[in-house]
Every structure is written in structure tokens, then in C-alpha cells.
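A short worksheet on the structure shown next.
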């Protein structure tokens, strides 16, 4: 079968990728699992959280994104990201200025988050049209002091920080500026490009985890908010009831998505954080996030039946929660 752009379908992950994992080792507490964006390794006195992500759809801020997107994955375990490895692949006609640009972006982003860049690889790669950066990141924690995206429980409230489509909006406003400025004002585009400043969820995740009552966290990357909810539900074997009116979409996102005829709820949303929390603890989590000037609200809850995932709309109608075939960023970039 021909694969869609972006993440490969979950059935291929389960039927092919997850069946070819080499030799099992006793140090692996948590290995590859659908909907979970990192591994947990037993290092003796501590546990290590390890995750990996490529940056393929962005160009102008690729080094900055490589640090922040990977850091988000470790933070969703409730753990501070600490060590970063990168593999930088460049088009054959690349010059040293590209390396300097990417490296400087990575350095500045890592320094802001207290992350050390400790190794990696850099090469020119035949056949590439644009640079690709693959990052691997680690964080250390006390034994058992973490949550995973698979930990949601039936009855948990679904809390969303910030808004839908943050990263996708920033990428399109930056990398498709020449196209979009024929339709939108420079003020709108400049505002949309500033969405990059919201992409880190490290503070969101650590604040929520330290509040107590958090069972699972997940940053909705490819496939946006809707796919992020599906991934959490898949990992926990649950259903979900989601209220579309509770998911905030900024005007810049709505207008750019309308232009490309894409759904903001299915647009890559790094910068937002999905939290599954005990219903009693949810108000306190939101209160603590608000104290950190992070907007958050309850957008639904997880339910027992994994075959029943519902999206309730503003007009009181409901439909099955859409599962994106691929991120709507790829649709926009093809137009």
C-alpha cells in the first residue's frame, strides 16, 4: 500500500514495526507503544526517559523546532529534558551558512531550556530538497516518578493548554509567506509567525504534573488535537467525548486554515498539551497553569468504550471523532 505523508498508519506500526525490535533487554521498562512518544530505561538509581522526533515540514526555524519538539516529548512524562543528540541532513547544494543557522538555533533553544547538546551527526544527503533534523532527547527522573500517554482512566477530564494548530500556523505563515501575503495583511502574518514562541510545552507539562492528579499527558503533533486524543485513547484502550466549542482556535489559525481548506483541529499542534486528569484534580491543575500565564480548559473526558469516540459540535450535533489520515499541514504545503 502507498503510505500517506507523515506518520505511518497505526496498523502498520503494530503489524510490522513493533514486531521487529531486536533483542529484548531487562533495562527496558517501556518500549515502543502506540500513542506513547518515548521509552523508559532503568539506569539503576534513576530512570531515563528517551524520545526521538524528526523535523521535516519546517525550514526557517528547523533547528529551534528540533530542540523544542523533542523536549516536549520528554516533558509530557513529567520529566525535565536534559540531553540532546541531533542528526542533521542537508541537501547536496547546502553551504556552511545553513549549518551555522541550524546549529545556532539549536544552541539558543537548548540554552533556554537548560538542555545540553551532547552529540550527533551532520552530513549532506543525496536526494533531499530541504534540510531534515532528527533529534533524540533524554531526561532523568527518580524511580517511577513519571506518567505516560497511556495512563488515562475512564472518567478523566481532558484538559487542553493553549490553542489548536499552533505549530502548523507558524510554519505556514513563515514558509508560505509569499503566497499568503497576497491574501492576508502583513500584520496577521507577523502575528501568526510569532506562534513559534508558544511551541514549548515544558512549563505546561511540568506545572501540570507537579499539581497532582495527572494520569497521562501528550503533545498533539501530527494530526493535531483530534489525532492526539485518538493516540491517548488508543494507548489506554478508552473512548472519548470531546466538545469542539471548547477547543480554542486563534483567528490567525482559522483564517489560514480557511484559505487552504484544512481543519485546524487536524493541523500539527505542538505547543498545545493534552492532559488526562482526575476530575477532582482538574480545577487545581487549570488554576496552577493559569498562575503561570498558560491558558487551559476542559475540552471533554475519556470514557470506557474504546469504540465510542464522539465529537460534539456547536449546533448540538455529534459525529464520530475524526481520525486524520495524515496531518493537514501536508495538504496545505501541497497547494
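Taken together, the values in this text are just the output of simple stated rules run on the coordinates, not laboratory data. As the structure is a prediction and not an experimental result, all values here were calculated from the model. Don't worry about glycine lacking a Cβ; one is built from the backbone with ideal geometry, like all the others, and counts go over all protein chains shown.
Of the residues 106, 217, 89, which exhibits the maximal mean-square fluctuation in a Gaussian network model of the chain defined by a 10 Å Cα contact cut-off? Comparing 106, 217, 89 in a Gaussian network model of the chain, the most mobile one is 89.
Stretching residue 52 away from residue 101 to a fully extended chain increases their span by 15.5 nm, per 0.36 nm per residue minus the current alpha-carbon distance. Starting from the Cα of residue 130, step 7 Å toward the Cβ, then list every residue of segment 62-92 with an amide N under 19 Å from that point. Output list for this probe position: 62-70, 87-92. Shown is the FRET efficiency for residue 92 and residue 325, computed with R0 = 41 Å from the Cβ-Cβ distance and rounded to the nearest 0.05: 0.80.
The alpha-carbon atoms of segment 157-333, seen along their principal axes, cover 48, 35, 28 angstrom, with the largest extent given first.
Annotation for residue 203 and residue 27: the two label points, set 7 Å from Cα along the Cα-Cβ direction, are 3.5 nm apart.
Potential lengthening of the chain between residue 255 and residue 210 amounts to 12.6 nm, from the contour at 0.36 nm per residue minus the alpha-carbon distance. What the Cα convex hull of the chain gives, in volume per residue, is 150 Å³. With neighbour counts taken as other beta-carbon atoms within 10 Å, the residues 315, 23 rank, fewest first, as 23, 315. Residue exposure proxy: 330, 64, ordered by other Cβ atoms within 10 angstrom of their Cβ from fewest to most, comes out as 330, 64. Remark: spin-label model distance residue 121-residue 315 equals 5.3 nm, labels positioned 7 Å along the Cα→Cβ axis.
If you run the Gaussian network model on the chain, springs between alpha carbon atoms under 10 Å, then out of 266, 179, 198 the most flexible one is 179.
Just how far, in whole angstrom, is segment 303-335 from segment 81-123 if you go by their alpha carbon centroids? Between the Cα centres of segment 81-123 and segment 303-335 lies a distance of 35 Å. Note on segment 138-210: Kirkwood hydrodynamic radius from all Cα pairs is 15.3 Å, rounded to one decimal.
With neighbours defined as other Cβ atoms within 10 Å of a residue's Cβ, the residues 185, 200, 103, 269 order from fewest to most as 185, 103, 200, 269.
Determine, from the Cβ-Cβ distance of residue 8 and residue 292 and an R0 of 35 Å, the FRET efficiency 1/(1 + (r/R0)^6), rounded to the nearest 0.05. Plugging the Cβ-Cβ distance into 1/(1 + (r/R0)^6) gives 0.50. Which of 276, 216, 109 moves most in a GNM of the chain, Cα contacts under 10 Å? Of 276, 216, 109, the most mobile in the Gaussian network model is 109.
Once you reduce segment 136-180 and segment 185-242 to the center of their Cα atoms, the two points are 3 Å from each other. Taking 20 Å as the cut-off, the amide N atoms of segment 180-210 that come nearer than this to a point 7 Å along the Cα-to-beta-carbon line of residue 108 belong to 189-203. Shape class for segment 10-142, computed from the alpha carbon gyration tensor (a ≥ b ≥ c): oblate, with a/c not under 1.5 and a/b at or below b/c.
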